[in-house]
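Taking it in order: structure first as structure tokens, then the write-up.
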Amino acid sequence: SFSTTAMASISRITVIGGGQMGSGIAQVAATHKHEVTLVDVSQEALDRGKAYMAKSLKRVAKKKHAEDEAAQSQFVAEIMSRVSLSTKPQEAVSRADLVIEAIVENLKVKQDLFAQLSKAAPQQAILASNTSSLPIGKIAELLDSQRKQRFIGLHFFNPVPQMKLVEVVRTKEADQEVVDSAVAWVKAIGKAPAVCKDTPGFIVNRLLLPYMMEAIRLLERDVASAQDIDTAMKLGAGYPMGPFELCDYVGLDTIKFIVDGWHKDGEGLKGNPLFASSTKLDELVKQGRLGVKSGKGFYDY
Ligand code: CAA
Ligand code: NAD
């Protein structure tokens, strides 16, 4: 069937950015027998990414092989053996079937990265961005039309090993065959695809960000404490995490990049008060309280 062909053609994956998301994507791809190269700007960042993967894989291993520490270690080592680390993006994409970018949420930085990558990636490679909020078409803007046909969004959710959804974002220029291959690949790594047009926030974030910002505004208006708002949404609405736990989990810098970007020039969202800046959020980010990843956010970790 077509999907088998599509899957067979994607076996070497390069993930650029080894933070919370990139390390998770690399981990899941390697778990499903893909050869993965993880790229970041420094050895220090790569070591951090590797540590994220090892920690998460240990949790999986403990469930899979309870009471058997040797089997746990072997499980982790076997998956990690398929992951190579690199600080050289061009070299790392030279043999890739699929490149997934998960670097900082900044349009110019992402555009520049892809301009570099397009000089080295195979012509048939699928190029994808894991952006939360930037238009996929804009990220691909500097590329030629052939590249644009093979450029899509592959939007994973945090924590990647645990969250089942991947939004497959189709631009106007993307080939149907590329979208089909991506959908097949998402299924092959055990995730559920949702195909969506290239509009701000796609599906999940277009609904989730207004909710998070409204929660922050409740706090700013002193309606209730962060703890009580979190308890209310967990026990009153069945959410696994309250909005402040979720903000800390996603990263407050990432949330700020998203809402500021949409408020400034999001297609159809410019000036929308749902995405107006928040003094509270701005302050926390300025203080380096970025959430779980920096040890402090709305809460201390
Ligand atoms: N790696 C491996 N396994 C993990 C893991 C990780 N990073 N995190 C959790 N798990 C596993 C645990 O081992 C545990 O497994 P068992 O139940 O089999 O023992 C299971 O997941 C549940 O974990 P916990 O008991 O620790 O905690 P939990 O039940 O609260 O679940 C959670 C954790 C899945 C993260 C859950 O709290 C949740 O779904 N939270 C909401 C997450 C969410 O909304 N993410 C989307 C954010 S928005 C986004 O990502 C998009 C964007 O662009 C900003
Ligand atoms: P993060 O801060 O944890 O990681 C970003 C990583 O990218 C860092 O390790 C950094 O060193 C690296 N990096 C930055 N510039 C780079 C470059 N030019 N080349 C190579 N590496 C570079 O961030 P994150 O939470 O993993 O988010 C990454 C991307 O995924 C963003 O676009 C974000 O919007 C998106 N995203 C985040 C979440 C989330 O919940 N955090 C969910 C879905 C999508």
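None of the figures in this text is laboratory data; all of them are computed from the coordinates on show. Quick caveat: nothing in here was measured; it's all calculated off a predicted structure. Please note: Cβ atoms are built from the backbone with ideal geometry, for glycine as well, and neighbour counts cover all protein chains shown.
A few remarks follow.
- The stretch 179-280: trypsin sites (Lys or Arg not before Pro) falling in loop per DSSP and having at most 13 other Cβ within 10 Å: ARG221, LYS270
- Rounded to whole Å, sorted largest first: equivalent-ellipsoid semi-axes of the stretch 205-294, Cα gyration tensor: 21, 15, 12
- Cβ-Cβ FRET estimate between SER294 and GLN116, R0 fixed at 25 Å, reported to 0.05: 0.35
- Segment SER11-LYS164, extension gain: residue separation times 0.36 nm, minus the distance between their alpha carbons: 53.0 nm
- Rg and Dmax of the stretch 166-231, Cα atoms only, in Å: 17.6, 51
- Pairs beyond 28 Å (Cα-Cα), from LYS172/LYS270; LYS64/LYS256; LYS148/LYS280; LYS119/LYS191: LYS64/LYS256; LYS148/LYS280; LYS119/LYS191
- Counting only Cα atoms, the chain measures 55, 53, 38 Å along its principal axes, largest extent leading.
- Under 5 Å between amide hydrogens, built in the peptide plane, is the criterion, and for THR37 it picks out ILE13, THR14, VAL15, SER84 among residues at least 5 positions away or on other chains.
- Using a Förster distance of 22 Å, the FRET efficiency for SER145-SER94 (Cβ separation, nearest 0.05): 0.50
- Fraction of beta bridges assigned by DSSP in the chain that are antiparallel (%, nearest 5): 15 percent
- Taking a straight Cα-Cα cut-off under 13 Å and skipping sequence neighbours fewer than 8 places away in the same chain, the aspartates and glutamates within cross-link reach of LYS286 are ASP253.
- Using a simple spin-label model with pseudo-atoms 7 Å out from Cα toward Cβ, MET241 and ARG221 lie 2.5 nm apart.
- FRET efficiency, LEU274 to LYS58 (Cβ-Cβ, R0 41 Å, nearest 0.05): 0.55
- The stretch 105-119 residues near the modelled LYS138 label - backbone nitrogen below 13 Å, point 7 Å along Cα→Cβ: 105-111
- A dipole drawn for the stretch 188-267 from +1 and -1 charges on Cβ atoms has a positive end, and of LEU235, GLY190, GLY266 the residue lying farthest that way is GLY190.
- Computed from label points 7 Å out along Cα-Cβ, the spacing between GLU214 and LYS286 is 2.8 nm.
- Taking other C-beta atoms within 10 Å as the exposure proxy, VAL83, VAL36, VAL292, VAL104 rank VAL104, VAL292, VAL83, VAL36 from fewest upward.
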